[in-house]
1. Could you grab me the full set of residues in the range B:84-94 that are over 22 Å from B:ALA65 (Cα atoms) and open to solvent by 60 Å² or more (accessible area, probe 1.4 Å)?
2. Restricting the first residue to the range A:59-74 and requiring it to be at negative phi, which pairs with a second residue that is of a type in the set (Ser, Thr, Tyr) and in a helix (DSSP H, G or I) meet a Cβ separation below 8 Å and a spacing of at least six or different chains?
3. Across the range B:378-410, which residue is modelled with the lowest pLDDT among those that are in a strand (DSSP E or B) and open to solvent by less than 10 Å² (accessible area, probe 1.4 Å)?
4. May I ask you to list the residues in the range B:226-253 that are part of a helix (DSSP H, G or I) and in contact (Cβ under 8 Å) with a residue 60 or more places away in the chain?
5. Go through (1) assigned to a helix (DSSP H, G or I); (2) open to solvent by less than 30 Å² (accessible area, probe 1.4 Å) for B:LEU106 and report which single condition fails.
6. I need every pair where a residue in the range B:300-315 that is in the same structural domain as B:VAL277 (by TED's automatic domain parsing) and more than 13 Å from B:PRO283 (Cα to Cα) has its Cβ under 7 Å from the Cβ of a residue that is outside any loop (DSSP other than H, G, I, E, B) and open to solvent by 60 Å² or more (accessible area, probe 1.4 Å), sequence separation at least 6 or different chains.
7. Hey, does the range A:237-258 have a residue that's open to solvent by 10 Å² or more (accessible area, probe 1.4 Å), more than 15 Å from A:ASN374 (Cβ to Cβ) and either within 12 Å of another protein chain (Cβ to nearest Cβ) or not hydrophobic (A, V, I, L, M, F, W, C) (or both)?
8. If you go through the range A:316-361 one residue at a time, how many are open to solvent by 40 Å² or more (accessible area, probe 1.4 Å), among the polar types (S, T, N, Q) and touching a Gly at 6+ places or on another chain (Cβ under 7 Å)?
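The values are calculated or read from the model by the stated rules, or taken from the named source; none is laboratory data. These numbers come from a predicted model, not from an experiment. Cβ coordinates were reconstructed from backbone atoms using ideal geometry, including for glycine residues, and neighbour counts include every protein chain displayed. Just the protein is used for accessible areas: all its heavy atoms, side chains included, with ligands, DNA and RNA removed. Shrake-Rupley method; radii C 1.70, N 1.55, O 1.52, S 1.80 Å.
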Protein chains: 2
Amino acid sequence: MSEHDHDHDYDHETDRQVTEAQRAALKLANVDESERNAALNSIADAIREREDEILAANAEDVEAAEGMLERGEYTQALVDRLKLDEAKLEDIAGMVESVAEQDDPLGATLEARELDADLELYRVAVPIGVIATVFESRPDALVQIAALALKSGNAVILKGGSEASESNRILYEIIREATADLPAGWAQLIEAHEEVDRLLELDDKVDLVMPRGSSDFVSYIQDNTQIPVLGHTEGVCHVYVDSEADLEMAEDIAFDAKVQYPAVCNAVETLLVDEAVAADFLPGLVERYEKAGVELRGDETTREIVDVGAATDGDWRTEYGDLELSIKVVGDVYGAVEHVNENGSKHTESIVTEDTDAAETFMTGIDAASVFHNASTRFADGYRYGLGAEVGISTGKIHARGPVGLEGLTTYKYYLEGEGHLVASYSGEDAFPFSHRELDAEWTPGERSGE
Amino acid sequence: MSEHDHDHDYDHETDRQVTEAQRAALKLANVDESERNAALNSIADAIREREDEILAANAEDVEAAEGMLERGEYTQALVDRLKLDEAKLEDIAGMVESVAEQDDPLGATLEARELDADLELYRVAVPIGVIATVFESRPDALVQIAALALKSGNAVILKGGSEASESNRILYEIIREATADLPAGWAQLIEAHEEVDRLLELDDKVDLVMPRGSSDFVSYIQDNTQIPVLGHTEGVCHVYVDSEADLEMAEDIAFDAKVQYPAVCNAVETLLVDEAVAADFLPGLVERYEKAGVELRGDETTREIVDVGAATDGDWRTEYGDLELSIKVVGDVYGAVEHVNENGSKHTESIVTEDTDAAETFMTGIDAASVFHNASTRFADGYRYGLGAEVGISTGKIHARGPVGLEGLTTYKYYLEGEGHLVASYSGEDAFPFSHRELDAEWTPGERSGE
């Protein structure tokens with residue numbers, strides 16, 4: 001218990017931790033970029049130096065998980081995700097260093113406006129405050145989110161899965177000790193499972209929650225908190241092959257979007273084909289898909305052209321996350337737009353066409369975070385978009401949408417610099433007018449640009 | 001019931017309305033600026049032309065409300081807010097025209113980046129989708145929010161107070177008829193009180209809710225929905241008079257911030273004074289406040305200097321919204337920052353000082369949407385900030401903070417223009433590198449900038 005809190009009784013340990021994080025957040029917001037980066041590099045160094053401790057703790061988690069696996073309570077995939085080794089730890093340390101190398105997301109003047117002579121308004125990027133993360137088994141999520149939070153000046157509450165409790169505890173200890181120069185309590189680890197429900201209730205103290213895990217897990221968090229959630233649930237993405245498509249290009253894109261990495265949310269789940277080209281296009285692609293082991297299901301028209309299983313209504317809304325794909329023949333680009341808006345998850349959609357009008361109809365008509373023309377849906381990713389460190393992918397529309405960079409962990413503050421300006425002067429009959437002149441200036445505390 | 005819905009059974013009329021609004025939103029997103037503005041001007045014209053109908057309907061509401069007033073169930077203030085007259089209708093029509101005159105918040109390219117040769121990413125401003133508003137008695141709120149939604153290409157669900165039901169119904173009818181050229185169902189009126197709870201449940205269909213009313217009302221909405229809320233609850237704003245303040249300026253600012261319009265959320269509620277200047281500063285200001293009828297309460301140190309009532313702990317967190325003010329003497333700027341972060345509502349805070357370091361400590365140390373230096377808190381307002389039409393003031397930190405312009409009713413979409421680009425080419429051993437070169441280009445559907 002911190003010195004401040006001797007006079008407080010908290011029903012939940014989580015309340016004390018979140019209150020301490022709130023206090024730290026106010027200080028962390030004003031820690032210089034160089035100090036935040038130095039702290040990140042200390043974390044990376046400490047992960048390398050204390051490799052043996054981390055691997056020993058992780059071995060305990062893995063051993064326990066293998067016991068659960070034998071009893072059929074865990075899957076092999078879960079055990080694999082849990083397991084750390086030297087190479088993975090080096091990747092994690094490298095990731096922390098790469099976060100340090102990113103441009104500072106804080107302090108930039110986003111907008112500057114003269115309201116009247118010597119009265120200047122600045123909109124400046126600042127941290128959000130307290131960010132919480134709740135994640136399933138991968139212990140690297142703990143380090144990644146702590147690094148992103150620190151880079152963006154936010155305090156962070158970390159809650160991992162119980163299956164990784166030993167790994168999480170040592171990684172948290174390392175982070176805490178390596179950042180001893182930062183405001184105390186900026187990172188907090190929650191261990192007890194029953195504290196998650198309490199954490200999700202603290203919507204007046206926690207500013208943003210970032211769940212990491214399966215779609216069901218993210219949906220559970222969304223349904224059980226009033227804290228804004230930055231995360232993504234499912235990706236039911238489409239590729240539409242238009243009547244004016246370059247069919248060779250279309251085949252390559254449809255193949256890449258499914259086969260290159262089928263487990264991810266930006267892989268295609270349903271292929272839509274214009275009826276004018278379906279008979280020409282489908283046989284070659286289906287042969288290629290089948291060679292790659294893709295299980296195909298189609299609507300009636302598709303099945304008149306190629307020999308695939310029958311798609312049910314449920315297929316149009318399913319994220320297979322695997323080498324499975326449904327195919328539907330549509331009348332035209334409008335039919336494609338209607339199908340996507342009805343069944344898609346607003347994630348990533350792509351049209352293949354040489355017709356600019358069809359591209360415009362598709363791209364502007366579909367409500368999704370990312371809409372592509374003549375490119376694979378798999379490009380929807382913060383790294384590929386050039387956003388730098390990827391904070392996550394958001395399937396919400398508010399605050400941040402699609403792949404989200406460090407900007408997603410910031411908000412802004414308005415700073416107004418005057419010299420005794422009163423609103424009374426700008427009201428009533430002899431009101432002064434406002435100039436509302438845009439300035440090309442950065443905020444300097446206590447000063448006016450004099451532009 | 002629209003043609004589309006003959007095959008649907010909805011348990012709630014609201015579900016049908018929201019579904020219809022969702023469909024309309026997809027179309028409205030692509031209606032040209034000129035058509036949206038023409039529709040806004042038609043609304044303004046129709047309000048003027050049908051003045052008699054509106055005033056007749058409003059007279060029914062006012063009569064019923066006066067009955068409630070006699071029975072002590074309504075306040076005079078409520079009846080006053082409800083009442084429309086020729087001048088107020090002209091103001092409303094003028095407001096709609098001024099929304100039409102705003103810059104288009106849609107279609108702007110916010111960011112453009114080359115990912116590789118002929119692969120270009122554009123981030124473009126688009127409408128959010130379906131916005132709902134729930135508002136207390138003022139019928140002008142219905143027209144204002146419908147106008148802001150239309151300007152920003154969003155469908156809108158309108159739910160007013162039952163005391164204004166006749167006024168709301170005729171205003172809604174006028175809006176609907178004046179915008180018959182727009183996608184049908186873009187605006188929906190909900191009348192039954194019990195439908196509000198249903199509306200607030202539809203977080204998968206309604207993208208944003210904007211409550212208009214008292215702090216308690218906004219808090220109620222926030223606590224009862226998982227839809228993101230854009231609104232403001234209370235404003236407990238401070239003016240801090242530093243030891244290095246120009247005391248004449250400080251007196252004017254403290255006076256303006258309280259007296260110029262005490263009922264609004266950006267008026268000051270607590271004055272903080274540095275102990276080094278309290279004895280010099282307070283007597284003159286207190287005399288001026290008392291002449292203006294301000295009721296004052298102070299902490300012990302304040303009461304040793306001036307003869308005012310005693311402030312209780314509750315005073316430091318109270319939004320008086322009236323000619324009342326609490327005064328506290330603090331040790332220095334750090335004491336002021338601590339008091340504000342502990343008791344403020346993160347709305348608007350102001351420091352008066354000639355010391356740049358003190359200004360920086362205060363402005364960067366306080367977590368609030370707006371922090372001012374040598375200016376009255378009353379400047380915190382979308383019109384004064386030069387944001388154009390004010391959508392509202394947000395006390396949240398996510399998506400929009402402080403005074404919010406039309407930008408607050410938009411989100412963005414990523415458009416990617418390629419010519420058959422595959423992710424496979426950018427993966428594995430011989431992966432192509434990304435160029436990630438910023439472009440100075442606007443998105444043109446189906447084309448690449450060729451920059």
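1. B:GLU90, B:ASP91
2. From residues that are at negative phi, the pairs are A:ASP61/A:SER165; A:ASP61/A:SER167.
3. The residue in question is B:SER394.
4. If the condition is that a residue be part of a helix (DSSP H, G or I) and in contact (Cβ under 8 Å) with a residue 60 or more places away in the chain, then B:MET249, B:ALA250, B:ILE253 are the ones that fit.
5. Only one criterion in (1) assigned to a helix (DSSP H, G or I); (2) open to solvent by less than 30 Å² (accessible area, probe 1.4 Å) is unmet by B:LEU106, namely (1).
6. These pairs meet every condition: B:ALA310/B:ARG303.
7. no
8. Number satisfying all stated conditions: 1.
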